[in-house]
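Worksheet: one structure, shown below.
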């Protein structure tokens, strides 16, 4: 029985890792499409969203089957439950990437002021989000609580950039009222990326729960 459980756990670890890579690339491509106004790149994100959804359904089913068939306990059960929740959060990250890519498809290069985009610090925000995803993946692979915990502080910058974007867009809109729709859609992009940061911190919480049996959800984060 133990051998079968170990085999299932290894499979889950492998598949969540593959999903992680797909989601990382989705976020990377989506943000890059906005920065470069690359519609082909944005379209790739929409097409590859199906892979993220397929991973979610497959992993969910495998977790449910493993629990039903082998009734794992202790750290094995915590791992299965953590994977189940991380899977859901990764799928949501895929949704946010798709939403960001849709912004690129909805406008032309001339619609967005390059100086405005630079002042909004989108590149910095995207880089931080990808770094957070890399850190959580390392934390899971190495079962490293310190790395998982560090993600909470990393999310502070994402929140700061999102908050600052509201004022920057409002000031720009006051001077360029004809850009109201673009500003509104850009605000939505930043909101999606801010929410992506929240979901990555959710993943970090699940890693801590799995490794240390400590529930940190709803508690004060390290960056607050």
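Just so you know, all these numbers are worked out from the coordinates, no wet-lab data involved. Bear in mind the structure is a predicted one, so any value in this text is a computation, not a measurement. Cβ sites come from the backbone with ideal geometry, for glycine too, and all protein chains shown count toward neighbours.
Numbers for the structure displayed
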| read-out | value |
| --- | --- |
| The chain: most fluctuating residue of 118, 33, 150 per GNM, C-alpha cutoff 10 Å | 118 |
| Length released on extending from residue 198 to residue 106, taking residue separation times 0.36 nm less the Cα-Cα span | 30.6 nm |
| Cβ crowding within 10 Å averaged over residues, with 168-180, 6-18, 119-131 ranked highest first | 119-131, 6-18, 168-180 |
| Degrees between helix 180-212 axis and first principal axis of the chain (Cα, 0 to 90, nearest 10) | 20 degrees |
| For region 57-86 and region 1-43, distance of Cα centres in Å | 19 Å |
| At 0.692 mPa s and 37 °C, Stokes D of region 128-168 from Kirkwood alpha-carbon radius, µm² per second | 302 µm²/s |
| Chain lengthening between residue 18 and residue 212 when straightened (0.36 nm per residue, less Cα-Cα) | 67.4 nm |
| Hydrodynamic radius of region 84-193 per Kirkwood, over alpha carbon pairs, in Å | 15.4 Å |
| Projected-area average for region 2-212 over all orientations - Cα convex hull basis, square nanometres | 11.2 nm² |
| Full-stretch length increase - residue 61, residue 124 - with 0.36 nm per residue and alpha-carbon distance subtracted | 19.0 nm |
| Convex hull projection area averaged over all views, region 51-115, Cα basis, nm² | 6.1 nm² |
| Shape parameters for region 2-58, alpha-carbon atoms, Rg then Dmax in Å | 15.1, 52 |
| Overall form of region 4-117 per C-alpha gyration tensor (a/c, 1.5; a/b vs b/c) | prolate |
| Folded to 0 to 90 degrees: helix 122-142 orientation relative to the chain principal axis, Cα | 10 degrees |
